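J.: Dropping a structure here in structure tokens format, bear with me for questions.
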Amino acid sequence: MSAADTYLLLRAFCDELARCGTRDACTSPGSRSAPLVLSLVREPRIRCWSHIDERSAGFFAVGAAKASGRPVAVACTSGTAAANLMPAVIEAHHSGAPLLVLTADRPPELREVGAGQAIDQLKLYGAAVRWFFEVGMHEASASTLRWIRTLACRAYWTAAEGGPVHLNFPLREPLVLDEPLPPDAAPGRPEGRPWVSHERPSPPPSRRALPARSVIVAGAGAPADLPDLAARAGVPLLADPLSGARRGAAAVAHYDLLLRDPHFADAHQPQGVVRFGDLPTSKPLRQWLARLDVEQLAIHPTRSWQDPDGVVSERVAAADVVLGPPEDAWLGRWRAADEAAAIAIDATLGEELSEPLVARELTAELPPEATLFVASSMPIRDVEEFAGVAEYPARVLANRGANGIDGTVSAAFGAAAVSRGQVVLLTGDLALLHDLAGLLAARRLGLELTLVVLNNDGGGIFSFLPIARERDAFEDHIATPHGLDLEAVAAVFGCGYERPGDLGAIGQAIAAGGTTIIEVRTDRERNLALHREVEAAVREALNPPAAAAAPGA
Ligand SMILES: Cc1ncc(C[n+]2csc(CCOP(=O)(O)OP(=O)(O)O)c2C)c(N)n1
Ligand SMILES: [Mg+2]
């Protein structure tokens, strides 16, 4: 078996990935992985994005996979390099992002004998992958070339169904070719067709009838026509911005705030619930759903199990939902409350730059062709709580599979690499610092990402939690302020930097394009107080004092 055998097999493998639909791959430097990386780079239909840090490569691939909906390959060398892909593999597993992880490995004779950079890579990612396969080493014959084509197709189609696939490639020296490869003796199928084509199973939707006084809850993975269905049926649509469904005449944007009010929550209990896609993040919504004593139907295209409270009564991949006939007052009450909440929010937030105001404004102002990538922690919560109903909202993406703050910058750059419109990242300061190396993509890959950084010098979310009372350790070990100068950070990575003083200036900085860190400084304590003020204002709007004092009320 020679280097030529390895390269012939890998050329067929990459050819087949491209025929199936792979358009993007991530690489990182190494020697053992050279045959894999060079074969990907030399496949003209695949764009290769180079990363120094495998954590960045993995998350960049996750972001690109989420934004494009196609499997994205990520290749790395042996040893801890492969282990650094673990967080991205876990995120892909939990969010159903299609990822093809291609790890180079030492050949068997160099395993468990003290050879360098050799760790046990077999099933390295455990149950987090849909499929693991040890590729082995083979001579390039007509039959092995055909076999590796089927292997590429099988890996691609398995990932395409939603989640990561791991192929481990043992590679023996010499790792580079002495002379150019001969033409392919066993080329693929005619007309660029994949060796094995594949149709995704789409079960015929069965009919499900629900009472008129139902609610629809939508998260990531919800179907695009949901707002029309809800509007036709006159059923409130409680849609997380990640669903893309917070639009239309039935959308209720501020369910998180409405359901914080116990009177509202009790008085608006539905007779049925349909959940589409992932469960939204909102805790008040989750708690309310958990208390309801009604049928709850969960419709999820990949059948992901999204029911932490054990209240779902039926799960299906698709259904033809029939609701109604519409009861005007039912949707009308929800919509009127939502409008009252919106007025209370605007009045409380005013014009002063704050975390909720930035989240509200970005979701209102970004054009439909833009993508807003939202970091975990408060940004994702603020976007869910404060984004209004928009006619044509921008697409919203996030790493909500495992809710990590890691890899955020890289994932957003990955989304930018495959998106036509502008990509804006809304992130906290710790999420930014966690993936600073991700900023290298601006200079090394020539990609553009607008970063709106809500800098409250630490983890603002923890001020909302009981842990905030533990004053002896809270600041140093939980909030973890860093005092970093983001302008200096921007300079190190060759990015632009702006610190706008008002919403108009933020809009201008975003419109200017390029990779720019747009810093908005906030205060954690003030942020907590502001959230409480909005909550109180919404409660007051829903329960006007005059009504409460009315005779007989
Ligand atoms: C990889 C990872 N480590 C730790 C956490 C726990 N965690 C959740 S939110 C958070 C703080 C994030 O701070 P920042 O990005 O500044 O956002 P803020 O809370 O200020 O909105 C941390 C550390 C996590 N989710 N993921
Ligand atoms: Mg912060």
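J.: Report the net charge of residues surrounding residue 88, where surrounding means a beta-carbon distance below 9 angstrom and charges are Lys +1, Arg +1, Asp -1, Glu -1.
T.: Values: positive: 55; negative: 54, 91, 406.
Overall, the nearby charge balance is -2.
J.: Take every Cα pair under 8 Å in the chain that's 6+ residues apart, average their separations, divide by the length, and report that relative contact order as a whole percent. Don't skip to the end; give the middle numbers.
T.: Working: 1172 pairs, mean separation 74.5, N = 553.
Computed value for the chain: 13 percent relative contact order.
J.: Specify the inter-centroid distance of region 56-114 and region 145-203, based on alpha-carbon positions, in whole Å.
T.: Here the answer is 16 Å between Cα centres.
J.: Going by how many other Cβ atoms sit within 10 Å of their own, how do 255, 156 line up, fewest first?
T.: Details: 255 31, 156 25.
Ranked by crowding around the Cβ, least crowded first: 156, 255.
J.: With only alpha-carbon atoms counted, please give the Rg and Dmax of region 37-108, in Å.
T.: That works out to 11.9, 38 Å for Rg and Dmax.
J.: Which GluC sites (Glu not before Pro) from region 464-533 combine a DSSP loop assignment with at most 13 other Cβ atoms within 10 Å?
T.: Details: sites: 470, 475, 487, 498, 519, 525, 533; in loops: 470.
Sparse-neighbourhood loop GluC sites (Glu not before Pro): 470.
J.: Let me ask something additional. Decide, for region 390-452, between rounded, prolate and oblate: order the square roots of the alpha carbon gyration tensor eigenvalues as a ≥ b ≥ c, take rounded if a/c falls under 1.5, and otherwise choose prolate if a/b is larger than b/c, else oblate.
T.: The shape class here is oblate.
J.: Run the helix sum for the chain: -39,500 (n - 2.57) per DSSP H stretch of 4+ residues, divided by residue count, reported at 222 nm to the nearest 500 deg cm²/dmol. Don't skip to the answer; put the middle values down first.
T.: Working: 20 runs with 206 residues, N = 553.
For the chain, the value works out to -11000 deg cm²/dmol.
J.: Once you order the gyration tensor axes a ≥ b ≥ c over the Cα atoms, which shape class does region 139-191 get: rounded for a/c under 1.5, otherwise prolate or oblate by comparing a/b with b/c?
T.: Details: a/c = 2.52, a/b = 1.38, b/c = 1.83.
Oblate, since a/c reaches 1.5 and b/c is not below a/b.
J.: Just going by the charge dipole of the chain, with Lys and Arg at +1 and Asp and Glu at -1 on Cβ, which of 536, 411, 473 is farthest out on the positive end?
T.: Of 536, 411, 473, it is 411.
J.: Thinking of the chain as a set of Cα atoms, what percent of all their pairs are more than 43 Å apart? Could the numbers behind the result be given before it?
T.: On the way: 37610 of 152628 pairs.
Cα-Cα pairs of the chain separated by over 43 Å account for 25 percent.
J.: Could you put 259, 122 in order, starting from the residue whose Cβ has the fewest other Cβ atoms within 10 Å?
T.: Placing the least packed residue first, the sequence is 122, 259.
J.: Is the shape of region 441-542 rounded, prolate or oblate, going by the alpha carbon gyration tensor and its root eigenvalues a ≥ b ≥ c, with a/c under 1.5 for rounded and a/b larger than b/c for prolate? Display every interim value, and only then the final one.
T.: Values: a/c = 3.04, a/b = 1.49, b/c = 2.03.
Here region 441-542 falls in the oblate category.
J.: Output the direction-averaged projected area (hull surface divided by four) of the convex hull of the alpha-carbon atoms of region 61-201, in nm². Mind showing how you got there, number by number?
T.: Numbers: hull surface 39.9 nm².
Average of the hull's projected areas for region 61-201 equals 10.0 nm².
J.: Ranked by Cβ crowding within 10 angstrom, fewest neighbours first, how are 418, 74 ordered? Could you put the intermediate results ahead of the total?
T.: Numbers: 418 21, 74 32.
Ascending Cβ contact count within 10 Å gives the list 418, 74.
J.: Compute the Kirkwood hydrodynamic radius of region 265-398, taking the inverse of the mean of 1/r over all pairs of distinct Cα atoms, and give it in Å to one decimal. Mind dumping the intermediate values first?
T.: Working: mean 1/r = 0.0587 Å⁻¹.
Result for region 265-398, one decimal place: 17.0 Å.
J.: Follow-up. Separation between the residue 199 and residue 533 pseudo-spin-labels, each 7 Å from Cα along Cα→Cβ, expressed in nm?
T.: For the pair residue 199/residue 533, the computed spacing is 5.9 nm.
J.: Could you tell me which of 64, 450, 546 has its Cα farthest along the dipole of the chain towards the positive end, charges placed at Cβ (Lys, Arg +1; Asp, Glu -1), taken about the Cα centre?
T.: The residue sitting most towards the positive pole is 64.
J.: How large is the charge dipole for the chain, taken about the Cα centre, if only the Cβ atoms of Lys, Arg (+1) and Asp, Glu (-1) carry charge, to the nearest 20 debye?
T.: Dipole size: approximately 1700 debye.
J.: Turning to a different aspect of this structure: If you bin the C-alpha pair distances of region 1-67 every 5 Å from 0, what whole percents do you get?
T.: The percentages, shortest bin first, are 4, 18, 25, 24, 18, 8, 3, 1.
J.: Can you give the net charge of the other residues whose Cβ lies under 12 Å from the Cβ of residue 263, counting K and R as +1 and D and E as -1? If you can, show how the numbers build up before the last one.
T.: Working: positive: 260, 539; negative: 261, 266, 540.
Surrounding charge for residue 263 is -1.
Bear in mind that the values in this text are calculations on the coordinates, not laboratory data. Worth saying up front: this structure is predicted, and the values here are computed from it rather than measured. With ideal geometry, Cβ positions are generated from the backbone for all residues, glycine too; neighbour counts draw on all protein chains shown.
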